[in-house]
Ligand code: IPE
Ligand code: IPE
Ligand code: MG
């Protein structure tokens, strides 16, 4: 699939990706899982660059879930080290491409150095005017929803809001994803057909795209393929085809 087949006027504003299959990719090659994670960095670079070149406004990458804390300590530590190293080495590229970095998730759980590197990179890139790259780190959708519920409940208890004011818009505004539009397209690699606690609220009407490609093998062409498939779909939002036509 080529880039030329993409209809620029129907480009998703926000793409979210569940980057999966690093471990299996490494295992297939007789290597340790962490080698798969390290090799996945190239795919992150490709996809970020691909989205930025096309003019996609936001790209959210699921990099580490709340549940991933339950992996063996060795793997968790290796992933955190890789994260610090990657953020450090990629900040220059982000600047060059005008990409703004942001993160969603429970930052308080991240190791100190990791959090510092992340916050420094977010600060350094905050005035960039191109695409926003959002890393979901120590993130889970249920965590975010519980968090938002607590904030809203507290406001109600304090008398700042009434029950009537609790609506979709308020929930939207209270989630850590509030700055960004809901993703129109959600991609998962590695052949798994599940959401794994990613953006549950925000994907209520997203188009889902699954591919068996393992994350370290993911390249721009795969991204183009997903976007072209997305553009071939009719998004009805509960209406009928006939209604959409008029
Ligand atoms: C995705 O690859 C990366 C993270 C979850 C951090 P996996 O590590 O889940 O790889 P598989 O799914 O075991 O192959
Ligand atoms: C989802 O992948 C989390 C990330 C890609 C960061 P997992 O590999 O952790 O998901 P499950 O366990 O297969 O559902
Ligand atoms: Mg996995």
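Only the coordinates and a few stated rules stand behind these numbers; no lab work does. Remember, predicted model here, so these are calculated numbers, not experimental data. Heads up, the Cβs are rebuilt from the backbone with ideal geometry, glycines too, and the neighbour counts pull from every protein chain shown.
Could you order the peptides 29-40, 228-239, 137-148, 193-204 from most to least packed, using the average number of other C-beta atoms within 10 Å per residue?
Packing proxy ranking, top to bottom: 137-148, 29-40, 193-204, 228-239.
If the label point is 7 Å along Cα→Cβ of residue 69, which residues in segment 92-124 have backbone nitrogen under 15 Å from it?
105-112, 115
Provide, for q = 0.08, 0.18 Å⁻¹, the log10 of I(q)/I(0) from a solvent-free Debye sum over equal Cα point scatterers in the chain.
-0.33, -1.53
How high is the FRET efficiency between residue 97 and residue 28 when r is their beta carbon distance and R₀ equals 35 Å, given to the nearest 0.05?
That gives a FRET efficiency of 0.65.
Please work out the Cα center distance from segment 204-246 to segment 1-25, rounded to the nearest Å.
9 Å
Can you put 87, 171, 18 in order, fewest other beta carbons within 10 Å first?
171, 87, 18
Compute the distance in nm between two label points, each set 7 Å from the Cα along the Cα-to-Cβ direction, one at residue 46 and one at residue 212.
Here the modelled spin labels are 1.8 nm apart.
Relative to a virtual label point 7 Å from the Cα of residue 170 in the Cα→beta-carbon direction, which members of segment 111-155 show backbone nitrogen distances below 12 Å?
149-155
Per the Kirkwood formula on distinct C-alpha pairs, the Rh of segment 125-246 is how many angstrom?
Every distinct Cα pair counted, the radius reaches 17.3 Å.
In percent, what relative contact order does segment 1-149 have, based on Cα pairs under 8 Å that are 6 or more apart in sequence?
Dividing the mean separation by the residue count of segment 1-149 yields 28 percent.
With an 8 Å cut-off on Cα pairs and a minimum separation of 6 or more residues, tell me the relative contact order of segment 90-224 in percent.
Worked out over segment 90-224, it gives 21 percent.
Peptides 210-217, 184-191: what's the order by average Cβ count within 10 Å, highest mean first?
184-191, 210-217
Please tell me the relative contact order of segment 96-171 in percent, rounded to the nearest whole number, where contacts are Cα pairs under 8 Å and at least six residues apart.
37 percent
Would you kindly work out the equivalent ellipsoid of segment 62-208 from its C-alpha gyration tensor and give its semi-axes, the square roots of five times the eigenvalues, largest first in whole Å?
Listed largest to smallest, the semi-axes of segment 62-208 are 27, 19, 17 Å.
Please report the spacing between the Cα centers of segment 129-201 and segment 54-99 in Å, no decimals.
About 19 Å separates the Cα centre of segment 129-201 from the one of segment 54-99.
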